[in-house]
Structures are given as structure tokens and as C-alpha cells.
Amino acid sequence: LEPLLVAAGAPTWIDTSHPEVKAAVFRTDDRKAMLVLPIWLGNGSQYVPGQAALAELKITVPQVMGSAQAWEVSPGRVQSLRTDRVVGGTSVALHEFGLTGAIVFTSDLSPNGLVVRLQNRQRSMGRDAAHLAYEQAIEELAKVEKVEAELNEMGVKLVDGQQLLAKSRAFIDDSAKGYRDGDYSEAYANAQRALRPLRVLMRAQWDRALREIGNNPAVNVYAASYFTLPRFWKFAVDLKRLKPTGNVL
């Protein structure tokens, strides 16, 4: 997608069907292609993203070329999307939307055209992408399990924490099976799905910590990340043991 970004220059931003998701629209000068990048910009995402996943995200893109078709592009797959002409532009829907996505509008379907080049590129990298996504999910699960063990020892335990971890492990197992079976697209998708319950767990723990300090992460430096929450709770306990005195300055 890099050539499209270079050719398009600065994007314009549009709303989507979800208030916390905005989409950047890049238009090439020759108007032969358009790139739409929806991004989850939810409250607090710069600290700890939430689940950041939707069963369906709808986007109405203005000024789409009349003959252009929509294609969802990712390391795991390149697939066509249904579009509908509506008031305000062209409506397109992404299923199983996560933190980000990419949609290409183009009418270039020739044998050496943009869509074919994207499909060839995806096929060439599909196996590696699935493997890397699987390894990322494994690593993220291991880090979250370590933090959760520390938090549980401190008495900061979520009721459904173990169920969320189990769901992540199940998706990782499905990803491994897909990889063994040569279904790299499904292996990639399940590796991405494995991250969602982890994000739910991390955000729930972070929200719980924020309530302790009045919902302002700037109050405690250890509230800036899920992975520093054990130090956050230790610091909170230490503060409660202290007593305020007069200003010595």
C-alpha cells in the first residue's frame, strides 16, 4: 500500500458507524485509486486500548470513482467488498473490524493492475504473516499471564479473567491448526482474534485502577500502561500508609 500513500499525500478524515472509529481517506492525483484506513481512536486508547473490535463497521466514503470496486487488504487476505450507493457517497462494511483496517477502491482489474499486484503480494507473504501473527499472540498472552499472576497475588483479580485467557489460548490453538493445514488466511485471522480477549482483560484491569485515582492516569505514572499495574497497586498501598503533614517548603 506504500505507493498509494506516497501518491495520495495528506488524507482527509471521515466518520464511521462507530463514534470511536475514524477513517483516513487518501486520494491519488490520477483518481485511479483511493485508500481508506479506519482506525480505532477510543478514549484512553493511547494508554490501554479496549477490545477495539466490531462485528461490522460501516463507512460512507464520499466521491468514490463511479466504476471503482472496494477491496479489503491485509497480510492475511485480499477480498472484494460489497458497496452501495447512498446519500453522501459509497457505503462499505468491514466485518470483524479490529484496531485498524485497509480498504482500496479501484477500477484497475487488469492482469497487471493494482488488485492483482496486491493479491500476488499477499500470497507471497501470507505464510510469514500468519506465522508472525501467531508468534505475536503467543508473546502477548505470555506477558498478560505474567502480569495477571502478579495482580492476582495482590488481590486484584477479575471475575472473568481466567475465561478471557482461556478464550485467547483457544484462538491461538485454532491459529496453529490453520497454519499446519496450510490455511494461512484463517491462521492469521485467528491470531488476530486471540488478541481481543486480552485487550478486554487489560482494559478492565486498567479501568479498575483508574477508579482508584479518580479516572486521571496522569495522577500516577504507573497508570500509563497495563504492564505497570502491579507497580501501580504497590504504589497505591504505599501512599495509603503515609500521613499528610505540613508543607516543609
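Order the peptides 118-126, 65-73 from the highest to the lowest mean number of other Cβ atoms within 10 Å of their residues.
So the peptides 118-126, 65-73, ranked by packing, come out 65-73, 118-126.
Tell me, what % of the accessible area of the chain is carbon and sulfur with a 1.4 angstrom probe?
53 percent
May I ask you to list the lysines whose Cα is less than 23 Å away from that of Lys240, ignoring any residue fewer than eight positions away on the same chain?
Output for Lys240: Lys157.
Among the listed pairs Lys146/Lys243; Lys143/Lys234; Lys32/Lys58; Lys22/Lys143, which have their C-alpha atoms separated by more than 27 angstrom in this model?
Those over the limit are Lys146/Lys243; Lys22/Lys143.
Using only the alpha-carbon atoms, how far is helix 184-212 inclined from the longest principal axis of the chain? Give it as 0 to 90 degrees, nearest 10.
It is inclined by approximately 30 degrees.
For the chain, report the accessible area per residue in Å² (1.4 Å probe, heavy atoms, rounded to an integer).
Computed with neighbouring chains in place, this is 56 Å² per residue.
Grab the DSSP H runs of the chain that are 4 residues or longer, score each as -39,500 (n - 2.57), total them, divide by all residues and round the 222 nm result to the nearest 500 deg cm²/dmol.
Numbers: 5 runs with 109 residues, N = 249.
Value at 222 nm, helices only, nearest 500: -15500 deg cm²/dmol.
Dipole size in debye (nearest 20) for the chain around its Cα centre, Lys and Arg Cβ +1, Asp and Glu Cβ -1? Walk me through the numbers before you get to the answer.
Values: 30 positive and 27 negative charges, 86 e Å.
In debye, rounded to 20, the chain gives about 420.
Among (i) 21.2, 75; (ii) 22.0, 78; (iii) 19.7, 71, which one is Rg and Dmax of the Cα atoms in Å computed from these coordinates?
Label (ii) holds the value from this structure.
Relative to the longest principal Cα axis of the chain, at what angle does helix 229-241 sit, 0 to 90 degrees, rounded to 10?
30 degrees
Distance between Cα centroids, segment 52-114 to segment 140-211: provide it in whole Å.
29 Å
The values are calculated or read from the model by the stated rules, or taken from the named source; none is laboratory data. Quantities reported herein were computed from a predicted structural model and do not represent experimental measurements. We place every Cβ from the backbone using ideal geometry, glycine too, and count neighbours over all the protein chains shown. Just the protein is used for accessible areas: all its heavy atoms, side chains included, with ligands, DNA and RNA removed. Shrake-Rupley method; radii C 1.70, N 1.55, O 1.52, S 1.80 Å.
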